[in-house]
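Remarks on the structure that follows.
The values are calculated or read from the model by the stated rules, or taken from the named source; none is laboratory data. Source: prediction; values computed, not measured. Cβ coordinates were reconstructed from backbone atoms using ideal geometry, including for glycine residues, and neighbour counts include every protein chain displayed. Ligands, DNA and RNA are stripped out before the accessible areas are found, and what is left, the full protein with its side chains, is counted by its heavy atoms. Shrake-Rupley method; radii C 1.70, N 1.55, O 1.52, S 1.80 Å.
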Amino acid sequence: MLKLRNSTIKKHLNNLTREELEAEILNLAKTHPIIQEHYYSVLFPDQEEVLDKYKKIIEKEFGHHRGEILRYPIMKQALKDFSNVSTNKEQIAELMIFTVECGVDFTLSYGDIDDEKFYRTISSIYEQALSYIVDNQLEEEFVDQCNELTQNSQGNGWGFGDGMMELYSDYLGHLD
């Protein structure tokens, strides 16, 4: 992959007039939807249209399963892309927790999943979410939702529920 240094890009941008710079940014937004999503998130941080798009991507992966292998890279890429385009920390945490909720609901609906990778992936996303929540001081907004999510995960295969409880305890304290 080609990589330009920031100094090279800055030199290029400094040589542009304001109108040329605006035209370049508008062209980038037009040709790269992810840039348009970024600006939408910056200009309308409380709107949920972009968040909803990424929730649908993740939800589709769990709904699409029907005997096929879950496509974990698609879920992880959706989380990464949204984290890159959004400036709304609550929505970033919400998408991570939503992904874990989908995983817990999935295993509750289908029973124990005969795929240890499934449980490792969901637990890993949960740990990332909890870490993000604590790092961004969002505990008050998410503690009840995480508590319920942890409670719902109990009794599932591969020690999943125990691991979820341990993560909750490590980041947010003891369950109510």
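Pairing each residue of segment 132-148 that is touching a residue at least 12 places away in the same chain (Cβ under 8 Å) with any residue that is outside any helix (DSSP H, G or I) and open to solvent by less than 100 Å² (accessible area, probe 1.4 Å), provided the two are 6+ apart or on different chains, yields C-beta distances under 7 Å for Asn147/Leu175.
Note on segment 84-111: residues that are free of Cβ contacts under 8 Å to residues at least 40 places away in the same chain and buried (at least 17 other Cβ atoms within 10 Å of the Cβ) amount to 1. The condition of being surrounded by 14 or more Cβ atoms within 10 Å (Cβ to Cβ) and in a helix (DSSP H, G or I) holds for Asp81. Within segment 1-47, being open to solvent by less than 90 Å² (accessible area, probe 1.4 Å), among the hydroxyl-bearing types (Ser, Thr, Tyr) and under 20 Å from Ser86 (Cβ atoms) holds for Tyr40, Ser41.
Where residues in segment 50-77 are among the acidic types (Asp, Glu), assigned to a helix (DSSP H, G or I) and at pLDDT below 95, which of them is farthest from Phe98 (Cα to Cα)? Step through it out loud before you land on a result.
The initial filter retains those residues of segment 50-77 that are among the acidic types (Asp, Glu), namely 52, 59, 61, 68.
From the residues that got through so far, the ones that are assigned to a helix (DSSP H, G or I) too are 52, 59, 61.
Now drop any that are not at pLDDT below 95, which leaves 59, 61.
Values: Glu59: 9, Glu61: 13 Å.
Residue satisfying both the conditions and the ranking: Glu61.
Would you check if Ser41 is under 25 Å from the mean Cα position of the chain (by Cα), modelled with pLDDT of 90 or more, polar (S, T, N, Q) and part of a helix (DSSP H, G or I)? Answer is yes for this residue.
Residues in segment 84-93 that are of a type in the set (Gly, Ala, Ser) and in a helix (DSSP H, G or I): Ala93 only. Filtering segment 78-132 to residues that are modelled with pLDDT of 95 or more, of a type in the set (Asp, Glu) and over 13 Å from Cys146 (Cβ atoms) leaves Asp81, Glu90.
Candidates in segment 163-176 are the residues that are of a type outside the set (A, V, I, L, M, F, W, C), out of contact with any Leu (no Cβ under 9 Å at 6 or more places or on another chain) and surrounded by fewer than 17 Cβ atoms within 10 Å (Cβ to Cβ); of these, the one that is modelled with the lowest pLDDT is Asp176. Scanning segment 133-162 for residues that are open to solvent by 30 Å² or more (accessible area, probe 1.4 Å), in a helix (DSSP H, G or I) and modelled with pLDDT of 90 or more gives Val134, Asp135, Glu139, Glu140, Glu141, Val143, Asp144, Gln145, Glu148, Gln151, Asn152, Asp162.
Report, by residue number, each residue of segment 112-126 that is assigned to a helix (DSSP H, G or I) and open to solvent by 80 Å² or more (accessible area, probe 1.4 Å).
Taking segment 112-126 as the starting set, the residues that turn out to be assigned to a helix (DSSP H, G or I) are 116-126.
Residues satisfying the conditions are Glu116, Lys117, Arg120.
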